[in-house]
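Following: one structure in structure tokens, then a few remarks.
No value in this document is a laboratory result; all are computed from the given coordinates. All of these numbers come straight from a predicted model, not from anything done at the bench. Reconstructed Cβ throughout: ideal geometry from the backbone, glycine too, with neighbour counts over all protein chains shown.
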Amino acid sequence: MINYQPASTRYDQMLYNRSGRSGLKLPALSLGLWHNFGDIDNFEMAEKIILKAFDQGITHFDLANNYGPPPGSAETNFGKILLRNLKPFRDELIISTKAGYSMWPGPYGDWGSRKYLLSSLDQSLNRIGLDYVDIFYSHRFDPETPLEETMTALSDAVKSGKALYAGISNYPAEASKKAFHLLRELGTPCLIHQARYSMFDRWVESDLINLLENEGVGCVAYSPLAQGLLTDRYLKGIPNDSRAAREVFLTKEQVDRVYHKIVKLNNIAQNKNQSLAQMALAWLLKDARITSVLIGASSTAQLEANLKSLQNTNFEADELNEIDQVLSED
Ligand SMILES: NC(=O)c1ccc[n+]([C@@H]2O[C@H](COP(=O)([O-])OP(=O)(O)OC[C@H]3O[C@@H](n4cnc5c(N)ncnc54)[C@H](OP(=O)(O)O)[C@@H]3O)[C@@H](O)[C@H]2O)c1
């Protein structure tokens, strides 16, 4: 029996942005399940974070076949949370998953072949307990598989009804352009490109972001807090329960390298009456070309604090200059 009742106010505050020239709108903030939703994590907290997000108008939850650890467990746990709470609200949700990184042994569990993508999508649906996902992504560009093969697999996933939209992630600009062309020809235009983008990683600014705008493809900015570096998490050392303490995707050495910048950015944020996390999110939210900013969270407190970034996305020119100055320092 489902006891959860979502907040009746859930659509009052959130902004929804159209993804490129598609019909689909995504919340300005979406929630990703890369960390904190695996079997090694606290299930009750995972459930609380997801329900809190939905109560605040976050309709988009982002997964991938390999999220956990162990790989696959974030999908399984999300499926449990869905079944226990959100199943009646399936039509209010945008659930995405991806395939592209190593998932099972042998030559068919990695990269971009049709064999891998379509088998992986079936496995993801099985783990989540769904008939379809809303967005199915090719998680990374595969230089060895013909792009036609990967894009046809995405298009066929849509045509089979197992995904509603196709997306790509981490593709360089040139390969993205070809992918958009192929998908359009196949009758399943690319909905969105999911790319790493934060104050600390601005690679999309050189050519990808303008390409997406011209092609009418949306942009999801992931790791907008640089995995927690762009917050006050590491200002007073490395907490034991933090991502950097685990030294898997974020290392203590990475924290040390940017610490001086974190301190300065934190001062700029304080002068704006924002936390550093809120300013870092607002810095992305101010750009109309960004469809959604995809955050992670290990607690409901982090999520709630980050949602406040929507309340102030204005920057004075001198504030932007000051931020650029700090970011350009060695
Ligand atoms: N397509 C891809 O290849 C790809 C790659 C990476 C990520 N993604 C997607 O993007 C999502 C977000 O990535 P991410 O988790 O790296 O995003 P992020 O928002 O940059 O980092 C999230 C982490 O920052 C810390 N944090 C968040 N809010 C905070 C606050 N208010 N105060 C202090 N610390 C705070 C937490 O770290 P602690 O856990 O240490 O508390 C949290 O887990 C993923 O879940 C995934 O869906 C996609």
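Results, tabulated for the structure shown:
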| item | result |
| --- | --- |
| Residues 150, 313, 97, sorted so that the one with the fewest Cβ neighbours within 10 Å comes first | 313, 150, 97 |
| Descending principal axes extents, the chain, alpha-carbon based, whole Å | 52, 49, 40 |
| Net length gained if the chain between residue 14 and residue 115 were fully extended (0.36 nm per residue, minus Cα distance) | 32.5 nm |
| Dimensions (Å) - segment 19-126, Cα atoms, principal axes, largest first | 42, 39, 22 |
| Across 48/80; 48/286; 286/308, pairs whose alpha-carbon gap is larger than 21 Å | 48/286 |
| Calculated FRET efficiency for the pair residue 308/residue 104, C-beta based, R₀ 35 Å, to 0.05 | 0.30 |
| Cβ-based charge dipole, the chain, positive-most Cα from 56, 297, 198 | 56 |
| Beta bridges by DSSP in the chain, antiparallel share as percent, to the nearest 5 | 10 |
| Reachable aspartates and glutamates from residue 87, criterion Cα separation under 19 angstrom, eight or more residues apart if same chain | 44, 47, 55, 62, 75, 131, 134 |
| MRE, 222 nm, helices only [DSSP H, n ≥ 4, -39500 (n - 2.57), over the chain, to nearest 500] | -11500 deg cm²/dmol |
| Exposure proxy ranking, count of Cβ atoms within 10 Å, fewest first, for 190, 219 | 219, 190 |
| Between segment 298-330 and segment 33-69, the alpha-carbon center distance in angstrom | 23 |
| About the Cα centre, charge dipole magnitude for the chain (Lys/Arg +1, Asp/Glu -1 at Cβ), debye | 620 |
| Whole-Å semi-axes of segment 72-209's equivalent ellipsoid (Cα gyration tensor) | 24, 18, 16 |
| Karplus-derived 3J(HN,Hα), 6.51/-1.76/1.60, for each residue of segment 135-147, Hz, glycine and proline x | 10, 10, 10, 7, 6, 7, 6, 10, x, 9, 9, x, 4 |
| Computed lengthening from residue 89 to residue 144, 0.36 nm per intervening residue step minus Cα-Cα distance | 15.8 nm |
| For segment 93-121 versus segment 128-167, the gap between their alpha-carbon centres in whole angstrom | 9 |
| For segment 196-316, average projected area of the Cα convex hull in nm² | 7.9 |
